[in-house]
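All remarks here apply to the structure that follows.
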Amino acid sequence: MEAKFCLACGRELETRDIGGTPRRACPSCSFVHWGDYSIGVGALVMRDGKVLLVRRAQEPGRGYWTNPGGYAEQLERIDETVCREVLEETGVEAVVASVAAVRDQPRAVHNLYVAFSMDYVAGEPVPDGVEVDAAGFYSPEEMETMNVAPFTRWLVDVAFRGRSEGLTVDAEPLVPLPGYGLFRR
Ligand SMILES: [Zn+2]
């Protein structure tokens, strides 16, 4: 869908060539509609050889088992998002260890999904009763008889059979970079 009005001043946008690409841009202020993007995050929390899964109580994907996750807010670091989502959906406390996988999906709202390997800290899984109606740690054998979402199956394979530890959290970067979430090899 094409953007019609300026988000900053409300004027009708025009199509203008910006750096060789036609963009919807405002004729009276500096606003340019670069596109629509969203960032999803997912958690792979392991405990005793099992991974934390939830059963979705809402569309999309109602009835499917998935790993916990959600969308990053505008001013929220993605490692904070994923901790928040795990806690909200299951009551489990976990901390980010590394970036395990990335999935890119260009579409009307271009979505980037970042999956984190997380270390279990505390809490027994209890579903929030709103977004999810069941939660628990499950082994690959147990998952065989569960309605696990296809993308979650892919992520679970990464959790159990990943070929490296991924991009790990850099808590003490070489140079101070305040406000950044940093993950590196
Ligand atoms: Zn404007």
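None of the figures in this text is laboratory data; all of them are computed from the coordinates on show. Since this is a predicted model, take the numbers as computed values, not measurements. Cβ: placed from backbone, ideal geometry, glycine included. Neighbour counts: every protein chain shown.
Listed values, structure above:
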read-out: Among residues of segment 14-42, those that are assigned to a strand (DSSP E or B) and not β-branched (Val, Ile, Thr), counted; value: 12
read-out: Looking only at segment 8-58, and only at residues there that are among the small types (Gly, Ala, Ser) and within 16 Å of the ligand (Cβ to nearest atom), the one that is nearest to GLU80 (Cα to Cα); value: ALA8
read-out: Wholly within segment 110-185, strands (runs of 3 or more DSSP E) carrying at least 2 residues that are under 21 Å from GLY63 (Cβ atoms) and out of contact with any Cys (no Cβ under 7 Å at 6 or more places or on another chain); value: 132-138
